[in-house]
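Asker: I am attaching a structure below and will ask some questions about it afterwards.
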Amino acid sequence: MDKYNFKIKEVLQISLGVLLVAIAFYYLFLPANLVTGGVTGLSIIFKDWFSVSDTIMSVFIFIMNGILLIVGGIILGRDFFFKTIYGTLLLPLLTLLFSLLPLENSIFLDSIENVNYKIIIISTLGALLTGLGLGLVFKNNATTGGTDVIQKILYEKLKVPYSAAIYLTDGVIIALGFYFFGIDSTYFAIIALIISGTVVDKVILSGRAGYTLFIVTNEYQQLKEQIYLKLDRGITKASVVGGYSEKERDMIICTITRNQLYHLKAIILDVDPGAFTFITKTSESVGQGFN
């Protein structure tokens, strides 16, 4: 039952993530002509070049994602195909749905009265939504497809460094955006790309970051009991030898969440004020108690 609930939560988070990416693209990046790479960026160029409707543009995204999905399935295998299919097809489906709604996609763009700040607000807000959405998708081991497939093929089959594969694929699309829309749009598209990448990293690690304490103590047993009782955290015990004194002492290693740091420091001070403790920030903790 727990596994079933986990799968439902996973699908819901992926769906929410793709929805946020679709909103950012359709209502923010598209009306502002911000080409941030990927198939969605390519679709903005396609729409401008052929002067097609948003519906046709959504079909273009669907076809391109579908082709890349099939290519990825053939080259990278069946597992990749099934892990990618949901996000790959949901994104163009949502943009198609948005295009059929009576709501104009320029509603946010038109609502900003100050022309000088319009592009700044749109690019920043779009980047935040995109970063949050992609973070949720990547955190659940999924992808929105598109050029991600090409990047993975270049990385796994041709041994091209992943960063280089990203620069190559998205760089070409951003360069095309520069050709069609000029320096202003391209500049803010790159800024949006940097912001969204930063947000993705934050979201992927959110809820898992914490602190690890290394506590050299003479009161191992009492300290262990208090940590179990008051924090419900596990510990690791190690025997260490002081370099100066050559005496053996116990060291407790304990990883905790941010909001437990103050309480554990208080426990140490109460049980063994003379304990030597050093604290390191842990970027990610995975396992029991940190899932």
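Derivation of every value follows stated rules applied to the coordinates shown; laboratory data play no part. Worth saying up front: this structure is predicted, and the values here are computed from it rather than measured. For neighbour counting, all protein chains shown are included, and Cβ atoms are generated from backbone atoms with ideal geometry for every residue, glycine included.
Asker: With surrounded by 15 or more Cβ atoms within 10 Å (Cβ to Cβ) and farther than 29 Å from T147 by Cα as the only criterion, which of Q222, Q260 stands out?
Answerer: Every option except Q260 fails the conditions.
Asker: Quick one: which of T217, T236, T212 is under 19 Å from I279 (Cβ atoms) and surrounded by 18 or more Cβ atoms within 10 Å (Cβ to Cβ)?
Answerer: Selected residue: T217, the only one of T217, T236, T212 that is under 19 Å from I279 (Cβ atoms) and surrounded by 18 or more Cβ atoms within 10 Å (Cβ to Cβ).
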